[in-house]
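Read through the structure below, which is laid out as structure tokens, and then see the notes.
Rule-based calculations on the coordinates, nothing more; no lab input. If you're wondering where the values come from, they're calculated on a predicted model, not measured in any experiment. Quick reminder, even Gly has a Cβ in these numbers, built from the backbone with ideal geometry, and neighbours come from all protein chains shown.
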Amino acid sequence: MEKKSMATMVHCLVLAYPAQGHVNPMHDFSKLLQQQGVKVTLVTAFSFFKKLQNVATCISLETISDGFDNGGLDEAGGFKAYFERFWQVGPKSLAELLEKLHRSGDPVHCVIYDSLFPWSLEVAKRFQIAGASFLTQNMFVNSIYAHVQHGKLQLPITHDQISLPFLPKLQHHDMPSFFFPTDDTYPTLLNVLVAQFSNIHQADWILCNSFYHMEKQVTVLCLCHHASLLSIFLRVNSF
């Protein structure tokens, strides 16, 4: 009973990138937290809010601005303009939401943010609350992007075979398509995907959407490479 009452005092804000492939795993994780007695507020961009369906009724919903509240990516006309504007207004909008929840007597204790939003960690630290990075992609792909971020894998790739720790030999066709740009969209997306590892070592927790027993070695390698003190978020009561 004591552990349960402690858990009910915890309020986690779960910030998902506004795309179904990102919202779904973070919503599923939110339901697991909720089952442990943790209060969860699921947050995404206002432009995506109307697309949310079948969200558990026990989970609160809030929004932040991506700078294109009427149409999101379609309104922006492309990823470059969308990310540039979102990265400008997103931190301010998230800070305003945290302030609003605090004033309402429902302060947030932890921001669990989509790893595509590394700026969320800076906002959380400014409010002196915990920050947890949530990696929505599988760890094999995350490992590749992490090696690019840390200069272990140089682009453009000139070798026919690519060797990375705990991964099989990779060919060009095995690599993310963003490594071989065909238009202006590709470098923009690549920069965003690689940048998710820019400050992940400063996060209080790193959460993985992974088939752990299939990716055990690369998961441990990738995470330990980014955190001197790694806490894997297996139990909500670790709060």
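Report the calculated FRET efficiency for Met9 and Gln202 (r = Cβ-Cβ distance, R0 = 25 Å), to the nearest 0.05.
Numbers: r = 25 Å, r/R0 = 1.01.
Computed FRET efficiency for Met9 and Gln202: 0.50.
What pairs in Lys51/Lys80; Lys39/Lys125; Lys80/Lys125; Lys50/Lys100; Lys125/Lys169 have C-alpha atoms more than 31 Å from each other? Display every interim value, and only then the final one.
Numbers: Lys51/Lys80 22 Å; Lys39/Lys125 20 Å; Lys80/Lys125 27 Å; Lys50/Lys100 22 Å; Lys125/Lys169 39 Å.
Violating the 31 Å limit, Cα to Cα: Lys125/Lys169.
With no solvent and one equal point scatterer placed on each C-alpha of segment 72-171, evaluate the Debye formula and give log10 I(q)/I(0) for q = 0.10, 0.11, 0.21, 0.22 Å⁻¹, two decimals.
Log10 of I(q)/I(0), two decimals: -0.44, -0.52, -1.09, -1.13.
Using per-residue counts of other Cβ atoms within 10 Å, averaged over each peptide, order 96-107, 144-155 from highest down. Don't jump to the answer; show the numbers that get you there.
Numbers: 96-107: 12.9, 144-155: 16.9.
Highest-to-lowest ranking by the protection proxy: 144-155, 96-107.
Quick one: net charge around Arg85, please, counting Lys, Arg +1 and Asp, Glu -1 for every other residue with C-beta under 10 Å from its C-beta. Display every interim value, and only then the final one.
Details: positive: Lys80; negative: Asp66, Glu75, Glu84.
Neighbour charge sum, excluding Arg85 itself: -2.
By how many nm would the segment from His172 to Arg85 grow when fully extended, if each residue of separation counts as 0.36 nm and the alpha-carbon distance is taken off? Numbers along the way, then the final one.
Working: separation 87, 0.36 × 87 = 31.32 nm, distance 3.25 nm.
Here the segment from His172 to Arg85 would lengthen by 28.1 nm.
Add +1 for every Lys or Arg and -1 for every Asp or Glu among the other residues with Cβ under 13 Å from the Cβ of Ile162, and state the total.
Numbers: positive: Lys152, Lys169; negative: Asp160, Asp174.
Every neighbour counted, the sum reads 0.
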